[in-house]
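Structure first, commentary second.
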Amino acid sequence: MGRFRSEDLGLLLKIFRRARAFWPHIAGILLIGLLSSPLALLTPVPIKIAVDSVLGDHPLPGFLQGLVPEGATGQTLLALAVGLLLAVTLVGQLRELAGSFLRSYTGERLVLDLRAALFGHVQRLSFAYSDSRGSADAIYRIQHDAPAIESVAIGGVLPFVTEGAMVVAMVYVTARIDWVLAAVALAVCPCLMLSLAVVRKRLRRRSRQVKKLESGALSVVQEVLSAIRVVKAFGQEERERRRFVERSREGMRGRLGLVIGGGGFGVLLALITAGGTAAVLYTGVRHVQSGRITLGDLMLVLGYLAQLYSPLRTLSGKVARLQNNLASVERAFELLDEPPDVLDRPGARRLPRAEGRIEFRQVGFAYGDDHPVLEDVSLEIPAGTRVGIVGTTGAGKTTLVSLLSRFYDPTGGRILLDGVDLRDYRLADLRDQFAIVLQEPVLFSTSVAENIAYGRPGAPREQIVAAARAAGSAEFIARLRQGYESNVGERGMRLSGGERQRISLARAFLKDAPILILDEPTSSVDVGTEAAILAALEVLMRGRTTFVISHRASALELCDIVVRIEEGKLVPVSRRGNPSLSHAG
């Protein structure tokens with residue numbers, strides 16, 4: 001199908017490496033596909049027998065002469081032709097059935113494997129990636145780009161291999177009959193390859209543009225549905241509909257461009273192959289008239305030529321689809337090749353359970369070169385200390401605690417946990433030391449029990465109930481129709497804000513981590529609910545190193561020290577009952 005650029009070859013190598021576990025299945029598909037060559041060679045033979053040996057007096061082809069007795073009648077030869085036709089058809093259908101099942105099974109497994117790898121990789125990428133690209137782009141690549149690997153590996157490359165083998169076989173047999181006809185049939189190939197080389201590059205470029213436009217339309221859907229309450233509150237449904245239609249219209253124009261490009265290539269291919277067929281027909285008739293070949297030989301050659309040119313005539317659609325699929329696979333592998341910013345160091349050490357001593361040493365952080373957030377932050381925190389953090393919006397409070405769990409790594413300085421740099425611990429072990437309660441609780445569309453046990457999957461029911469009691473949520477859970485098995489809905493929207501927050505607290509109780517991060521835990525609840533949550537927090541903080549980001553004095557009163565972040569630097573505000581706490585910077 002033309003020349004591949006080096007990047008195409010590299011992309012195919014990546015696909016084959018990804019498909020390594022399925023090589024036995026792919027080998028089976030290839031072998032079944034290769035059976036099509038002898039079957040295709042046998043398909044026109046019954047017609048040749050009927051024309052040359054039943055209606056005429058020419059002998060049977062050499063490989064069939066042993067199947068009938070010498071001097072067989074025309075009726076016997078006709079029965080042989082009919083039987084051969086039925087046998088070839090039956091074997092061909094069985095081959096197609098086996099190949100179809102094996103292709104579907106292997107393709108589905110291949111897509112699932114790539115999707116799982118993409119999904120797992122996306123979860124390991126830094127927040128900086130999702131902040132810059134958005135989640136819709138990753139969703140599109142996982143759901144819409146990943147399946148293209150099946151179309152390329154199973155529906156694209158393998159058919160070209162089997163059809164290539166068929167072409168070689170047919171050209172060989174045709175050359176044995178009349179080498180001039182074989183040469184005439186192949187004379188169109190340079191024109192085909194040249195036109196394919198020109199159109200391939202254009203189709204790939206347009207396919208990339210279409211994928212980008214479709215991903216943009218999906219981002220509108222994802223953005224609007226995640227903020228549907230705001231959209232409805234401001235009455236902007238029609239505006240968002242128009243925005244979606246405009247994005248989708250751009251994608252539609254791109255897809256139509258692909259159809260036009262592929263269709264134009266199809267017209268060109270049809271003309272080229274029609275010219276080749278006409279040339280073979282003209283030359284073949286002249287050879288029959290001169291006695292060089294029989295009429296049956298010519299019909300056999302024309303039968304082979306139809307099967308030879310048939311894949312070429314449909315090549316336009318295949319090329320357009322293949323370029324579209326290659327663009328999709330390319331995007332999927334681009335996501336898979338995106339390096340995580342936060343990785344385990346070689347030989348990272350285990351951390352069963354931390355004491356909770358934390359030290360910031362001249363820590364700095366910036367979102368890129370032009371967006372510094374923290375500068376020269378130094379702070380020593382003994383185990384079990386409760387630290388309140390205040391500051392204006394955007395001052396870096398959440399960034400500071402995000403560095404603790406290595407959502408980001410400092411761009412300057414070090415953070416120590418129990419005297420060891422955070423980057424020297426295994427990432428999974430480090431994050432297991434933290435329980436986090438956010439301002440807007442994050443719940444999943446599953447049962448209450450599963451949400452509470454999210455940090456400890458498989459926790460016994462009695463521990464889940466005990467955590468719910470400690471968080472003050474057992475009472476309202478008991479009022480739910482299915483109790484702990486009640487589904488909380490998407491993002492927990494079947495529950496009130498206070499109920500969602502208390503389930504989030506129960507999750508923290510159950511995890512029983514030595515370090516606790518509370519990011520505005522009471523800012524979105526009423527005064528009565530706040531009192532209940534603060535009472536639960538008082539219990540949860542005991543014996544744990546705790547960081548509380550809050551603007552509410554009631555929450556800060558629970559802390560041993562309160563520090564303020566101003567212009568990226570840490571400023572002490574108050575200290576209570578912990579003279580060993582030190583601060584610098």
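Any read-out appearing in this document is the output of simple, stated calculations on the displayed coordinates, not a laboratory observation. Every value quoted in this text rests on a predicted model; they were computed, and no experiment measured them. Positions of Cβ are backbone-derived with ideal geometry, glycine not excepted, and every protein chain shown enters the neighbour counts.
A few comments on the model shown:
- Ranked packing of 111-120, 234-243, most packed first, by mean Cβ within 10 Å: 111-120, 234-243
- Prolate/oblate/rounded label for segment 440-504 (Cα gyration tensor, a/c 1.5): rounded
- Computed from the Cβ-Cβ distance with R0 of 51 Å, the FRET efficiency linking Gln75 to Asp8 stands at 0.35.
- Backbone amide hydrogens, once placed in the peptide plane, bring Ile293 within less than 5 Å of Val288, excluding anything fewer than 5 places away on its chain.
- Extending 7 Å from Cα along the Cβ direction at Leu31 and again at Gln439 yields two label points whose distance is 6.3 nm.
- Protection proxy ranking of 322-333, 422-433 - average other beta-carbon atoms within 10 Å, highest first: 322-333, 422-433
- The chain, dipole about Cα centre (Lys/Arg Cβ +1, Asp/Glu Cβ -1), debye to the nearest 20: 740 debye
- Within the chain, antiparallel bridges make up roughly 55 percent of the DSSP beta bridges whose residues both belong there.
- Of the residues Ala40, Ile533, Gln433, the one whose Cα sits farthest toward the positive end of the charge dipole of the chain, with +1 on the Cβ of Lys and Arg and -1 on the Cβ of Asp and Glu, is Ala40.
- Helix 74-124 axis versus longest C-alpha principal axis of the chain: approximately 20°, rounded to the nearest ten.
- Taking the longest Cα principal axis of the chain as reference, the axis of helix 315-337 is set at about 30 degrees.
- Under a model in which nothing but the beta-carbon of Lys, Arg (+1) and Asp, Glu (-1) is charged, segment 366-433 shows a dipole of about 280 debye around its Cα centre.
- Residue-averaged 222 nm ellipticity for the chain, from DSSP H runs of 4+ at -39500 (n - 2.57), nearest 500: -19000 deg cm²/dmol
- Computed lengthening from Ala278 to Ser104, 0.36 nm per intervening residue step minus Cα-Cα distance: 58.8 nm
- Close amide H pairs (under 5 Å, H built 1.01 Å from N) link Gly388 with Val548, Asp560, Ile561, Val562, Val563, residues at least 5 positions away or on another chain.
- Shown in residue order for segment 243-250 are the 3J(HN,Hα) couplings computed by the Karplus curve 6.51 cos²θ - 1.76 cosθ + 1.60 at θ = phi - 60°: 5, 5, 4, 5, 4, 5, 5, 4 Hz (x for Gly and Pro).
- The structure-derived value of Kirkwood radius over Cα pairs in Å appears in the list [x] 25.7; [y] 24.5; [z] 30.0 under the label [z].
- Computed about the Cα centre, the dipole magnitude for segment 6-337 is approximately 1360 debye when only Lys and Arg (+1) and Asp and Glu (-1) carry charge, each at its Cβ.
- Global geometry of segment 457-536, whether rounded, prolate or oblate, following the gyration tensor of its Cα atoms and the 1.5 cut on a/c: oblate
- As a calculated quantity, the FRET efficiency between Val221 and Glu557 at R0 = 60 Å, using C-beta atoms, amounts to about 0.85.
- Phi-based couplings in Hz for segment 229-239 (Karplus 6.51, -1.76, 1.60; Gly and Pro marked x): 5, 5, 4, 5, 4, 9, x, 9, 4, 5, 4
- Extension gain for Leu343-Val231 works out to 36.5 nm (0.36 nm per residue, less the C-alpha to C-alpha distance).
- Computed lengthening from Leu271 to Val173, 0.36 nm per intervening residue step minus Cα-Cα distance: 32.8 nm
- Residues whose amide H falls under 5 Å from that of Tyr367, counting only those 5 or more places apart or on a different chain, are Val373, with hydrogens built in the peptide plane.
- Among 177-189, 140-152, the peptide with the highest mean count of other Cβ atoms within 10 Å heads the list, and the full ranking is 140-152, 177-189.
- Vicinal HN-Hα couplings computed from phi for segment 422-439 (Karplus, 6.51 cos²θ - 1.76 cosθ + 1.60; Hz; Gly/Pro x): 3, 6, 8, 8, 5, 4, 5, 5, 4, 5, 6, 7, 10, 10, 10, 10, 9, 4
- Placing dummy labels 7 Å off each Cα toward the beta-carbon, the span from Arg242 to Asp424 is 6.1 nm.
- Angle of helix 6-18 to the longest C-alpha principal axis of the chain, folded into 0 to 90 degrees and rounded to 10: 70°.
- The ranking of Val199, Val420 by Cβ neighbour count inside 10 Å, starting from the fewest, reads Val420, Val199.
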